[in-house]
Amino acid sequence: MTATLTLKRLELIRELLPKTATVGFLVNPDNQDLLLEIEDVARSTGQSLEVAKARNPDDFEPAFAQLVRAQVGAVLVSNDALFVSQRVQLVAMAKHHSLPATYEFREFPAVGGLMSYGPNLAGILQKVGTYAALILKGAKPSDLPIEQPTAFELVINSATARSLGIQIPPALLLRADEVID
């Protein structure tokens, strides 16, 4: 689902940018499948993407510096466990460089990120816990159905938008499941 969600997040962030703006994409290079999917998304949309790579927190500053040099209009931060665990640092880095950024989980706008679109992380972790409990009680993992998220939420941090000088279009605000001020 990552490519589909990335395409949707790309569409959402494009609503805030000039039509000709290049979008940056921050990815962990250890996730080659995701990198290939994103390149496919860029080709299919004709969108110019500047890919910056970070495999540990020490790579964040050079990656953001690359995006600034490339004069991207915004950054899509890929879904990666490293990025989720370092969300406060990533959000601070985006603010420091005055780059609007979009993320997959609401936990990012909750700590000051601009926008997220994706499944509810707490719901995903609850489902993981349910599956772990079933397995611990003797269920065979191969007998459990594979489940995909079915609900997705758009979260916008309007205070961050103001600090970046971004006017969120009313239509986008109306589609938001949550607006953090």
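Points to keep in mind about this one:
- Net charge in the neighbourhood of G123 (other residues with Cβ under 12 Å of its Cβ; Lys, Arg +1, Asp, Glu -1) is 0.
- Bridging of K19 to lysines at a Cα separation below 23 Å is possible for K8, K95, once same-chain residues fewer than 8 apart are set aside.
- Split the accessible area of segment 1-48 by element, probe 1.4 Å, and carbon with sulfur accounts for 50%.
- DSSP beta bridges confined to the chain are antiparallel in about 20 percent of cases.
- The slack between Q167 and K140, meaning 0.36 nm per residue of separation minus the straight C-alpha distance, is 4.6 nm.
- As a fraction of the 1.4 Å probe accessible area of segment 93-180, surface on carbon and sulfur atoms comes out at 59 percent.
- Our helix-only sum for the chain, with -39,500 (n - 2.57) per DSSP H run of n ≥ 4 divided by its residues, gives a mean residue ellipticity at 222 nm of -13500 deg cm²/dmol.
- 0 to 90° range, to nearest 10: angle between helix 32-45 axis and the chain longest Cα axis: 50
- Inter-centroid distance (Cα atoms) of segment 67-91 relative to segment 35-57, Å: 12
- Mean Cβ count within 10 Å, highest first, over the residues of peptides 50-57, 12-19: 50-57, 12-19
- Cleavage-rule hits (trypsin sites (Lys or Arg not before Pro)) in segment 119-181: DSSP loop, at most 10 neighbouring Cβ within 10 angstrom: K137
- The relative contact order of segment 97-181 comes to 32 percent, based on Cα pairs under 8 Å that sit 6 or more residues apart.
- Cα gyration tensor category, rounded, prolate or oblate, for segment 1-78 with a/c compared to 1.5: oblate
- Nearest 10 degrees, 0 to 90: helix 60-69 Cα axis against the chain principal axis: 40
- The relative contact order of the chain, computed from alpha carbon pairs under 8 Å that lie at least 6 residues apart in sequence, is 19 percent.
- Accessible area per residue for segment 31-181, computed on protein heavy atoms with a 1.4 Å probe, is 54 Å².
- Dipole magnitude (debye, nearest 20) for segment 122-181, charges at Cβ of Lys, Arg, Asp, Glu: 160
The values are calculated or read from the model by the stated rules, or taken from the named source; none is laboratory data. Model, not experiment: these values are computed from the prediction. Counting neighbours? That spans all protein chains shown, and the Cβs are built from the backbone with ideal geometry, glycine included. Surface accessibility is based on the protein's heavy atoms, side chains included, excluding ligands, DNA and RNA. Shrake-Rupley method; radii C 1.70, N 1.55, O 1.52, S 1.80 Å.
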